[in-house]
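*Asks:* The following block contains the structure, expressed as structure tokens.
What follows draws every value from the coordinates through simple rules; no lab data is involved. Here the structure is a predicted model, which means the values were calculated and not measured. Cβ sites come from the backbone with ideal geometry, for glycine too, and all protein chains shown count toward neighbours.
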Amino acid sequence: MVSEDHLVRKLDKALNSSFIYDLVEDLYATTGAESINPVVVIKLIYYNTCLGLDL
């Protein structure tokens with residue numbers, strides 16, 4: 001579990017990521033294999049950058 005005072009929780013509370021769905025709506029197909037949630041992808045990239053991880 002991630003502690004309540006962890007940076008990831010603070011960033012999640014501070015960021016409104018609902019706009020991402022509107023930006024990528026036309027890029028996702030309605031058929032085929034299920035895709036990864038675009039908000040999850042953006043958050044992973046953002047957290048990676050903020051935490052200085054080199055993945």
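*Asks:* Among H6, N48, Y21, whose Cα lies farthest out toward the positive end of the dipole of the chain, if unit charges sit on the beta carbon of Lys, Arg (+1) and Asp, Glu (-1)?
*Replies:* H6
*Asks:* Related question: Mind putting a number on the dipole of the range 7-51 about its Cα centre? Charges go on the C-beta only, +1 for Lys and Arg and -1 for Asp and Glu, and I need it in Debye to the nearest 20.
*Replies:* Working: 4 positive and 5 negative charges, 84 e Å.
Roughly 400 debye, rounded to the nearest 20.
*Asks:* Now for a separate question. Select one label from (1) -0.84, -0.94, -0.98, -1.14; (2) -0.59, -0.66, -0.69, -0.83; (3) -0.80, -0.88, -0.92, -1.03: the one whose number is log10 I(q)/I(0) by the Debye sum over Cα atoms at q = 0.20, 0.22, 0.23, 0.27 Å⁻¹ as derived from the coordinates shown.
*Replies:* Here the calculated entry is (1).
*Asks:* Could you work out [θ]222 nm for the chain from helices alone, using -39500 (n - 2.57) per DSSP H run of at least four and dividing by all its residues? Round to the nearest 500 deg cm²/dmol.
*Replies:* On the way: 3 runs with 28 residues, N = 55.
Taking each H run of at least 4 residues, the total per residue is -14500 deg cm²/dmol.
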